[in-house]
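Participant: First, the structure itself, so that you have it in front of you.
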Ligand code: LLP
């Protein structure tokens, strides 16, 4: 992927940086992000929309990987930013991200989060439910503010993906349902509330989607709804947000489409559908997360112990695991890997990669072909840029790894490795507990 190659020493090189050197300098586990590839993905989205001639906003879904340096890249690439919590909002604001380009998502925004977002001057709230709609209207009123909103609609589109990450169906915790009339009721109420400005609607049909069919269907359903709201309530939407979910290639067999094809399918369907009804073409917003950062990330691990069970399996343990990548344990997600220090050597054995956490489910990869693996080898797991650092934990009090951005032979730490002090900095020993006497 991206700027990675095997260099003259047989080492995996990413962004012009030898991964063996990176491991030596920054330690392992280490998240390495190819900045050039991240920017390339950003530009693919922006250019594909520009080519469509429709007004648009591409909002990076920061949940996939939210750190200040990433917010800077998104800003520089001229995109917007989707946040879902006060923490993501805080990170973006601290990075100097322009508030008016921030969209706030989530099914349970707290009053505090709503206040914080209004005070910061964010561009738009994506309102998820009736409670939030009225809470936002009330808080905005107190602040003599009118908040731009989209309504999150559950369009009932099955995006053919893992059930845990498909959110478009009716039985979902997210959004106003299209079928049962709550979406129409929400439009009616939003249009009547004095302190919100209804810009349009939002739908997100799932994640890691390989086909355009689901997006086309979502556009059709949302257009139908827009036309119905115009005809029945006289409300016209100026924004249609189609969420994220564009797939990436984790494994050889994965078949995502080029970014431009997803975008073309969406923009063409919007033109056709809205055009058909003489509806003014709305601004199209999308929220890619995984497809911006996923394949730009590689995690480097040092091989420690291994255990050969003759006739059964060889377990090879690395110095990380479900704490830095919970996706295999959570979603049975699959990854490809290679030995970064011996990139030219042929595969000789099939092994399974285990993490170091105290549970059997802490497996990163089942059955991967590698050269004969030895203690001290450097294992590179590909496509770990999205939902890895973002979902990392301190289970077993394992410290979160550092993140480095590599570009043109330069490596910059964008997140420091956690220290032991990080682990205990919020611990409090009540004073009634007697001091330890040595
Ligand atoms: N917009 C909304 C409203 C979303 O809920 C999501 C993802 C996105 C955009 C970005 O979707 P993407 O382009 O990244 O597929 N932790 C899971 C993925 C959860 C996705 C949640 N929502 C994973 O590791 O696969």
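Participant: For the range 360-369, how many residues meet the condition of being in contact (Cβ under 8 Å) with a residue 12 or more places away in the chain and assigned to a loop (DSSP other than H, G, I, E, B)?
Facilitator: 2
Participant: Criterion first (assigned by TED's automatic domain parsing to the domain that holds residue 201 and buried (at least 22 other Cβ atoms within 10 Å of the Cβ)) does residue 118 satisfy it?
Facilitator: The answer is no for residue 118.
Participant: Same structure, new question: Exactly one condition in (1) within 26 Å of the chain's Cα centre (by Cα); (2) over 22 Å from residue 279 (Cα atoms) is not met by residue 180; state its number.
Facilitator: Failing condition for residue 180: (1).
Participant: Shifting gears a bit: How many residues, within the range 77-101, are free of Cβ contacts under 8 Å to residues at least 24 places away in the same chain and either under 21 Å from residue 32 (Cα atoms) or assigned to a loop (DSSP other than H, G, I, E, B) (or both)?
Facilitator: The qualifying residues number 2.
Participant: Could you check the range 258-353 for strands (runs of 3 or more DSSP E) lying wholly inside it with 2 or more residues that are more than 16 Å from the ligand (Cβ to nearest atom)?
Facilitator: Strands (runs of 3 or more DSSP E) meeting the threshold: 297-309, 313-318, 337-339.
Participant: Can you work out which of the residues in the range 385-429 that are part of a loop (DSSP other than H, G, I, E, B) and free of Cβ contacts under 8 Å to residues at least 24 places away in the same chain is farthest from residue 73 (Cα to Cα)?
Facilitator: Among residues in the range 385-429 that are part of a loop (DSSP other than H, G, I, E, B) and free of Cβ contacts under 8 Å to residues at least 24 places away in the same chain, the one farthest from residue 73 (Cα to Cα) is 429.
Participant: For the range 370-384, state whether one or more residues are out of contact with any strand residue (DSSP E or B) (no Cβ under 8 Å at 6 or more places or on another chain), part of a loop (DSSP other than H, G, I, E, B) and either surrounded by 21 or more Cβ atoms within 10 Å (Cβ to Cβ) or free of Cβ contacts under 8 Å to residues at least 60 places away in the same chain (or both).
Facilitator: No - not one qualifying residue is present in the range 370-384.
The values are calculated or read from the model by the stated rules, or taken from the named source; none is laboratory data. As the structure is a computational prediction, the values presented were derived from the model and not from experiment. Quick reminder, even Gly has a Cβ in these numbers, built from the backbone with ideal geometry, and neighbours come from all protein chains shown.
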